[in-house]
1. Semi-axes of the equivalent ellipsoid of segment 108-159: what are they in whole Å, largest first, if each equals the square root of 5 times a C-alpha gyration tensor eigenvalue?
2. Kirkwood hydrodynamic radius, computed over distinct alpha-carbon pairs, for segment 94-197: how many Å, to one decimal?
3. Using modelled backbone amide H atoms (1.01 Å from N, in-plane), which distant-in-sequence or interchain residues come within less than 5 Å of F13's amide H?
4. Between D148 and S113, what length comes free when the chain is fully extended (0.36 nm per residue of separation minus the Cα-Cα distance, one decimal in nm)?
5. P(r) for segment 48-138: what percent of alpha-carbon pairs falls in each 5 Å bin, starting at zero?
6. When we measure straight from the Cα of K157, which aspartates and glutamates land under 17 angstrom away, once same-chain ones fewer than 8 places off are left out?
7. Modelling each spin label as a point 7 Å along the Cα-to-Cβ direction, I'd like the K121/T31 distance in nm, to one decimal.
8. I need the calculated FRET efficiency for the pair R82 and F16, taking r as the beta carbon distance and R₀ as 41 Å, to the nearest 0.05.
Amino acid sequence: LDLLLSEPGEDVFYLFHDPAQSMFREDATATLELREFPIEDNCRNARPIHAFAYRFYPGSLSPKPLREDGREPEVIEAEPGRPTVDAVREILGRLVHVEGVDRSQIAVLVGVSLAHSEVWKQRRFKGGLELWNGGYDAAGESLGLAADRVPAQPPGKIAIETIHRFKGLEREVVVLAELRPDDEKLETRVYVGATRAKHHLVVVVPAELSHDVGKISAYGHQSEAGPQSTAAGVPTSESYRASTRNMHYWHRKPVRQDAAWSRCLIFVGLRLTVFLPGSF
């Protein structure tokens, strides 16, 4: 790690991490006895999404949402297999064709691998709706591409990814689907997936999970519209862009405006760990 710094032995190495997002193994950063600085401002999630996601947060911090926009998350009941696929199709059709959400601002995140995802197997829906993942083939198998070799998302396509691979990323609208009741990491998966959404979150779950995850709502559920929202409660593409521009205000003055700092500071419930020179 020291050799990765521009001035080895002199620079400070900052590690941003959220122990609550440890999906593969228990977080062991605390055992390193490094100096920590809690980050409790949530600049990513609108307040309704924050309230939903932090029902599943097991950490000791008390993150505070700074965004007052957004709409109430939707929890839609659908059994695994075809009912879930149909629910995702209905949701995407409503978001794109009724509420006018730009396809590039939507991400469908699934709780299973793409090889086992019925949603990915379908991936093409009526109305010109198509899911896309440039790192996987039609069977849901990885193409083994390095990050810089994965092609850019084509215009008019909607991104689909597994929840655990989408950690650290975000979209204005996130649709969570194919969550399994027998998943030992279910609460962590819901927490990670929900916190990827900036403005609106839709969760598709089987009846077995619907009461644990939240209040069931029907297709076309209309939340209270915010000042920049359409009649259906989801911002137009221009409103999304304006919302994103407004978000920059919250971390413009306190920190440097390089990409790495700005990106790290929109993570929420994090701990900043500092490696001091000579401590490697």
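What follows draws every value from the coordinates through simple rules; no lab data is involved. Since this is a predicted model, take the numbers as computed values, not measurements. With ideal geometry, Cβ positions are generated from the backbone for all residues, glycine too; neighbour counts draw on all protein chains shown.
1. Equivalent-ellipsoid dimensions as semi-axes: 18, 15, 8 Å.
2. 14.2 Å
3. Those lying under 5 Å, H to H, from F13 are F275.
4. Fully extending the segment from D148 to S113 adds 10.4 nm.
5. 3, 10, 18, 19, 19, 14, 10, 5, 1, 0
6. Cα-Cα hits under 17 Å: E90, E99, D102, E130, D137, E170, E172.
7. About 4.0 nm separates the two model spin labels.
8. With a Förster radius of 41 Å, E is 0.50.
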